[in-house]
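Working notes, beginning with the structure itself.
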Amino acid sequence: QVQLVESGGGLVQPGGSLRLSCAASKSISRINFMGWYRQGPGKQREWLAGITSYGTTTYNDSVVGRFTISRDTANNTVYLMMNSLLPADTGLYLCKAWRTGWPDYWGQGTQATVSS
């Protein structure tokens, strides 16, 4: 099992940036997939970006060119760097971990609000 703790959210103006962190209680090199999701107000939970244990990254088309997922294996942490933020990016950002044989594990999320 793994525990996930997200941090780094806050209030930013449109066009601003935030870097979110997801700290895992196990080595992320032994987690097959870690991803970032967003639950916006009145919206379904949406997948944004993912990274595999090999370091391969994938993105939802809606965030390509603005968001970057990365990892720090020494600190068991996955990051989401978000640039050029829009009001539509407002929401609760959640981290998920999956490995073969596991159920999905979720953090409790960190809130990002984009508003002028």
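The values are calculated or read from the model by the stated rules, or taken from the named source; none is laboratory data. Everything numeric here is computed off the predicted structure, so don't read it as measured data. So basically every Cβ, Gly included, is an ideal-geometry build from the backbone, and we count neighbours across all protein chains shown. Side chains are part of the model used for accessible areas, which takes the heavy atoms of the whole protein and leaves out ligands, DNA and RNA. Shrake-Rupley method; radii C 1.70, N 1.55, O 1.52, S 1.80 Å.
Surface calculation, 1.4 Å probe, protein heavy atoms: residue 61 sits at approximately 130 Å² accessible. Taking the Cα centre of the chain as origin and assigning +1 to Lys and Arg Cβ atoms and -1 to Asp and Glu Cβ atoms, the resulting dipole is close to 180 debye. Semi-axes of the equivalent ellipsoid for the stretch 11-84, computed as √(5λ) from the eigenvalues of its C-alpha gyration tensor and ordered from largest down, come to 22, 14, 12 Å. Dipole of the chain computed with +1 at Lys/Arg Cβ and -1 at Asp/Glu Cβ about the Cα centre; of 32, 8, 51, farthest Cα towards the positive end is 32.
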